Amino acid sequence: MQEFDAIIVGAGPAGLAAARKLAEAKMNVICLEKKQEIGVPKRCAEGLGGGWFERLGIKPDKRWAVREIEGAALYAPSGKKLELRFGKTAGYVLERRVFEKELAKQAVNAGAKIRVKHPVTSAVRENGKVKIEAGVRGDEEEYSAPLVLACDGVETQTARMLGLNTVNKLNDIDSGYQYEMAGIDYEGDDLINLFFGEDGTTEGTAKSYLDKFVESHPGLKQGSIVEVNAGAVPVGGFLDDMTADNLLVAGDAAHHVNPIHGGGIGLAMEGARIASDIAIGAHNAGDYSHKFLQKYNPIWYEKRGNQLKSILKRRHLFESLSDENLETLVNSLTGDDVLKIAEGELIESAKIVGKKLIKYPGLTKIMLKYLK
Amino acid sequence: MPAKNDSEKCCYCGGCVGVCPAGAITLEETRIVIDESKCINCGACVKICPVGAMKLEKE
Ligand SMILES: Cc1cc2nc3c(=O)[nH]c(=O)nc-3n(C[C@H](O)[C@H](O)[C@H](O)COP(=O)(O)OP(=O)(O)OC[C@H]3O[C@@H](n4cnc5c(N)ncnc54)[C@H](O)[C@@H]3O)c2cc1C
Ligand code: SF4
Ligand code: SF4
């Protein structure tokens, strides 16, 4: 049996951020990862908003921040578009394989241990600690620690093994499918192009919708697919309690994802860092009880969770709009207006709606209902 | 009949694992394993799968 101060399950952005932080606090920590290579395969479009670099105190590096994003173009069903330009770099497209290896290196340099090809298959409490079995079948090893950080992503089972239900409800999870393509012809190369429509995905698979979309856009149809990625994104269903005795949950496992665009890299790292602060406190106090660890919840909600809740309402708003509503919005609003509404600024949003949509009382009513 | 995985179509994304209320699905590196004794035939895995690799077969 190998003894640690804390065991982290999963070496994605959340687990690696936690590993580094705990190691920097001189805790003896190990991060167990199922896959054989960190960052591969990715289930991600690899976009990271510019604000995250400052918030997380990381500098974009050409080796993994490979492309700048200047803004976004929103397309209504008719093809009419609205451009959002931020005036500064809005974010980067990452090479996650390189990015996550770098995070892993930083964690290891700080003193953490990482084991790949070590799926966690069981976690049980024993004498105030958690005993974990991990490794490929027939070759499992035992690990023990008073603290477990479940950072095992959307397929998380660790929290459930320790009695905390984190299952995603179907309404709160998106089914995602993506192609990386070469040889496409698209204007606005430095923009993220976002296409909206009321044609929701309740029938058919995400793949069938994407194939239909590519087929109907000649600039895409002419290209070749060089990589396929699939994945599910928890876009709601926030957990009131992300803790139990000996347990903290962060990242996708705790549904730390932006409910509108599905971005979760920055949030996973932020959530994991907050969870790590609590873990360090618990380690210092020698108190691994649910009562101690649940201090994590109000801190997360105050810092980020409450904002995600209001963004979730905005998502419900977007989902309730008809194609006709979307055309009206593209014709009436500016890029700036849309940014303010999406970011969840309440009074500003209401002002914009009141002024610009005055001729469309039906749409105004829908908008105000969700902006409340 | 419990849920079945089509390993040819599957992308091993773990979405089905994340929604299974019964904890019946495990994703090994490139293999989906379904514990048939746990499956409650709810169809959640079929609905979330982005590529149609999960099926519930009628008896
Ligand atoms: C199609 C798609 C596109 C996306 N695009 C973006 C985007 O452009 N920008 C963005 O910010 N976010 C995006 N996301 C979301 C983003 O990928 C996640 O929010 C982010 O990876 C969450 O980080 P994490 O560390 O919590 O989980 P993950 O990155 O999923 O890491 C969890 C790790 O835990 C491991 N694990 C699981 N179970 C076990 C076990 N039993 N034992 C050991 N290890 C285990 C997994 O192998 C995995 O490596 C996208 C997601 C999808 C599906
Ligand atoms: S959701 Fe579908 S593609 Fe993803 S692992 Fe499950 S069966 Fe495979
Ligand atoms: S049908 Fe329901 S219980 Fe059975 S494997 Fe799928 S999600 Fe799990």
Under the Karplus relation 6.51 cos²θ - 1.76 cosθ + 1.60, θ = phi - 60°, what is the ordered set of whole-Hz ³J(HN,Hα) values for segment A:149-157, x standing for Gly and Pro? 10, 7, 10, 9, x, 5, 8, 2, 10
Within a 10 angstrom radius of each residue's Cβ in A:165-178, how many Cβ atoms of other chains show up on average? Whole number is fine. 4
Diffing segment A:220-235: the Karplus 3J(HN,Hα) column from phi (6.51, -1.76, 1.60, θ = phi - 60°), in whole Hz with x for Gly and Pro, holds 8, 4, 6, x, 10, 7, 10, 7, 10, 10, 10, x, 10, 10, x, 10
For segment A:317-356, what class follows from the C-alpha gyration tensor (a ≥ b ≥ c being the square roots of its eigenvalues): rounded when a/c is under 1.5, otherwise prolate if a/b is larger than b/c, else oblate? prolate
For A:Ala285, the net charge from surrounding residues (Cβ-Cβ under 14 Å; K, R +1; D, E -1) works out to -1
Show me the ranking of peptides A:12-20, B:23-31 by mean Cβ neighbours inside 10 Å, starting with the highest. A:12-20, B:23-31
Rounded accessible area of A:Asp139 (nearest 10 Å², 1.4 Å probe): 100 Å²
What accessible area, in Å² to the nearest ten, does a 1.4 Å probe give for A:Tyr177? 40 Å²
Summing Lys, Arg as +1 and Asp, Glu as -1, what charge do residues with Cβ under 11 Å from the Cβ of A:Val214 carry, A:Val214 excluded? +1
Compactness of segment B:3-51, expressed as Rg and Dmax over alpha-carbon positions, Å: 9.6, 25
Output wanted: per-residue J couplings in Hz (rounded whole) for segment A:291-303, from phi through Karplus 6.51 cos²θ - 1.76 cosθ + 1.60, θ = phi - 60°, x for Gly and Pro. 4, 5, 5, 6, 4, 4, 4, x, 5, 4, 5, 5, 6
Would you mind checking the pairs A:Lys35/A:Lys169; A:Lys42/A:Lys309; A:Lys303/A:Lys355 and listing those with alpha carbons more than 29 angstrom apart? A:Lys303/A:Lys355
Quick check on the protein assembly as shown: helices-only [θ] at 222 nm, where DSSP H runs of length 4 and up contribute -39,500 (n - 2.57) each and the sum goes over total residues. Nearest 500, please. -9500 deg cm²/dmol
Most packed first (mean Cβ within 10 Å per residue), the peptides A:126-134, A:357-365 order as A:126-134, A:357-365
Over 30 Å (Cα to Cα) - which of A:Lys113/B:Lys47; A:Lys356/B:Lys47; A:Lys207/A:Lys359; A:Lys81/B:Lys55; A:Lys313/A:Lys356 fall in this group: A:Lys113/B:Lys47; A:Lys356/B:Lys47; A:Lys207/A:Lys359; A:Lys81/B:Lys55
Over its alpha-carbon atoms, chain A yields an Rg and a Dmax in Å of 21.9, 70
With angles folded into 0 to 90 degrees, how steeply does helix A:361-371 sit against the dominant principal axis of chain A? Use alpha carbons for both and round to 10. 10 degrees
Counting only residues 5 or more places away or on other chains, whose amide H sits under 5 Å from the amide H of A:Leu84 once H atoms are built in the peptide plane? A:Ala72, A:Ala73, A:Leu74
Please determine, in degrees from 0 to 90 and to the nearest 10, the orientation of helix A:306-319 with respect to the longest principal axis defined by the Cα atoms of chain A, where the helix direction is its Cα long axis. 40 degrees
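The values are calculated or read from the model by the stated rules, or taken from the named source; none is laboratory data. Just so it is clear, the model here is predicted, and its values are computed rather than measured. Quick reminder, even Gly has a Cβ in these numbers, built from the backbone with ideal geometry, and neighbours come from all protein chains shown. Note: accessible area is taken over every heavy atom of the protein model, side chains too, but ligands, DNA and RNA are not part of it. Shrake-Rupley method; radii C 1.70, N 1.55, O 1.52, S 1.80 Å.
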